[in-house]
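These notes are about the structure you will find just below.
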Amino acid sequence: MGKKYGAHILPLQKLAIIWFFIFTKFVFNENQLLAWIDSKISLSAKKLQTIELQYNHLLDGILDGFNQLNSIKNKWATKLQNLGDYNSDIQLFLDKNQRQQIEIVTVKDKLYPQSLLHLTDPPIVLYCQGNLELLNSGSGITVVGSRNYSKYSEIILKRILEPVCKQKIPVVSGLALGIDGLAHKLAVENDCPTIGVIGSGLDDDNFYPSSNLALKKKIIATGGLVISQFCLGTKANPYNFPSRNKILASLTDLTWVVQASLKSGSLITANLAIELGKNLATTPASILDVSFAGNIQLLKNGVSIITCSEDIFDLLGLQHLSKIDLQKAIKFDSEIQKLIYENLGFEAKNVEQITMATNLDFLAVTSTLSLLEMSGLVSSLGGNVWVRNG
């Protein structure tokens with residue numbers, strides 16, 4: 001009886017393997033299999049190379065139970081050999097991503113950003129929500145900065161970045177609190193392509209920071225893109241962000257550090273941009289303000305200076321609108337508004353200085369400044385001191 005049973009079980013096993021091979025060949029492609037494996041063992045370029053040295057196709061490895069990796073004395077190889085029911089698990093993985101409207105792009109995919117392929121250890125998989133055409137959109141600018149930004153940074157970001165957004169130059173940032181969020185909002189408000197790169201899974205439960213979840217959805221709804229190298233269910237652990245910052249520095253030709261202290265995470269992105277041979281720039285600020293100590297350090301190291309939108313266009317080698325063209329777009333409700341706006345200029349002034357320059361009374365100046373602030377044309381720095389936004 002034992003021999004008879006044994007004689008039949010082997011053919012049944014072979015039939016199961018053949019069925020799985022045929023089913024998988026038509027249902028799952030190489031990119032999907034690669035993403036699934038990455039979700040299990042966090043693939044690196046070195047791990048993938050090790051697997052490819054043993055198998056011509058990932059499907060071959062799956063059918064073999066990755067037994068040819070027995071000589072690899074690493075935990076990841078052992079884990080790969082003990083993944084269990086491949087077929088149902090792969091389908092479950094794909095279904096979860098499909099329900100979240102996530103597109104999977106791997107290093108084997110034609111859609112994979114060419115700029116990332118130059119990295120020594122590029123992310124093997126990118127999980128994407130939104131407009132995939134932005135992955136290889138060409139020239140753009142990466143904007144990074146402090147979470148606890150100053151009013152000065154808010155003003156210069158709007159003043160400098162808005163003209164860039166109006167010319168539809170892609171804006172890339174980390175969808176974090178602070179400068180990142182402001183950069184994305186400016187892009188969305190000006191119908192400009194924007195890409196958010198995050199350090200967690202794309203699912204709502206793990207998206208970080210949760211307070212920017214609505215912004216993430218708005219980016220996607222307005223034709224932007226949000227990407228992550230981390231699969232669904234991944235929390236925003238601190239060690240996720242260096243690799244996320246590498247993507248930020250790689251995706252565009254220029255990184256702009258708006259505000260950074262000496263211990264700012266933005267300086268990690270800045271150093272990565274230098275290592276990758278990308279353009280790096282920052283904006284001058286007070287040497288007495290420690291929240292801008294990173295800016296000062298970068299300037300001492302000889303990085304480019306950005307003080308106006310024209311600097312960004314020049315660094316990207318692009319043509320730009322003239323200041324006259326930009327000013328023509330501003331519509332004032334009265335001649336008094338126009339007079340105060342033009343006399344205010346780009347340097348901060350107090351109400352007394354504006355009153356003297358315009359020959360208007362104090363009440364007219366203060367009330368008009370309030371209206372201009374509501375229109376987003378000027379900002380109060382406190383203490384009756386005002387500055388023009390653009």
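For the stretch 69-94, which positions are within 14 Å of residue 54 (Cβ to Cβ) and either exposed (fewer than 14 other Cβ atoms within 10 Å of the Cβ) or in the same structural domain as residue 231 (by TED's automatic domain parsing) (or both)? Talk me through it step by step, then tell me what you get.
Of the stretch 69-94, the ones within 14 Å of residue 54 (Cβ to Cβ) are 69-72, 74, 76-77, 80-81.
Within the stretch 69-94, 70, 71, 74 qualify.
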Original post:
residue 211 passes all but one of (1) of a type in the set (Gly, Ala, Ser); (2) closer than 27 Å to residue 152 by Cβ; (3) under 13 Å from the mean Cα position of the chain (by Cα); which number fails?
Top reply: (3)
Original post:
Checking residue 181 against (1) closer than 17 Å to residue 158 by Cα; (2) buried (at least 23 other Cβ atoms within 10 Å of the Cβ); (3) within 12 Å of the chain's Cα centre (by Cα), which single condition isn't satisfied?
Top reply: (2)
**OP:** Could you please tell me which pairs satisfy a Cβ distance under 6 Å, a separation of 6+ or placement on different chains, a first residue in the stretch 202-218 that is touching a residue at least 12 places away in the same chain (Cβ under 8 Å), and a second residue that is of a type in the set (Lys, Arg) and in a loop (DSSP other than H, G, I, E, B)?
**Re:** 206/235
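Okay, residues lined up against (1) touching a Pro at 6+ places or on another chain (Cβ under 8 Å); (2) assigned to a helix (DSSP H, G or I):
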residue: 180; (1), (2): no, yes
residue: 201; (1), (2): no, no
residue: 206; (1), (2): no, no
residue: 216; (1), (2): no, yes
residue: 232; (1), (2): no, no
residue: 250; (1), (2): yes, yes
Subject >> Some residue of the stretch 86-97 being touching a residue at least 12 places away in the same chain (Cβ under 8 Å), assigned to a loop (DSSP other than H, G, I, E, B), among the hydroxyl-bearing types (Ser, Thr, Tyr) and at negative phi >> reply: no
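Residue-wise test of (1) over 22 Å from residue 313 (Cβ atoms); (2) out of contact with any His (no Cβ under 9 Å at 6 or more places or on another chain); (3) at pLDDT 95 or above; (4) among the hydrophobic types (A, V, I, L, M, F, W, C).
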position	(1), (2), (3), (4)
145	no, yes, yes, no
167	no, no, no, no
177	yes, yes, yes, yes
182	no, yes, yes, yes
185	no, yes, yes, no
196	yes, no, yes, no
215	yes, no, yes, yes
223	yes, yes, yes, no
**OP:** Look at residue 291 and say whether it is crowded, with 22+ Cβ neighbours inside 10 Å and small (Gly, Ala, Ser).
**Re:** no
Original post:
Would you say residue 156 is closer than 16 Å to residue 309 by Cα, aliphatic (A, V, I, L, M), at pLDDT 90 or above and more than 19 Å from the chain's Cα centre (by Cα)?
Top reply: yes
**OP:** Give 238, 284, 242 a once-over and let me know the one that is surrounded by fewer than 18 Cβ atoms within 10 Å (Cβ to Cβ) and within 19 Å of residue 183 (Cα to Cα).
**Re:** 284
Original post:
Which residues, counting only those in the stretch 101-124, are surrounded by 14 or more Cβ atoms within 10 Å (Cβ to Cβ) and closer than 24 Å to residue 222 by Cα?
Top reply: 102, 103, 104, 105, 111, 112, 113
Original post:
Out of all the residues in the stretch 339-356, which are under 20 Å from residue 155 (Cβ atoms) and part of a helix (DSSP H, G or I)?
Top reply: 340, 341, 342, 343, 344, 351, 353, 354
Original post:
Just checking, which of 236, 183 is of a type outside the set (Asp, Glu) and either closer than 18 Å to residue 103 by Cα or in contact with a strand residue (DSSP E or B) (Cβ under 9 Å, 6 or more places away or on another chain) (or both)?
Top reply: 183
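The values are calculated or read from the model by the stated rules, or taken from the named source; none is laboratory data. These numbers were taken from a predicted model, which means no experiment stands behind them. For neighbour counting, all protein chains shown are included, and Cβ atoms are generated from backbone atoms with ideal geometry for every residue, glycine included.
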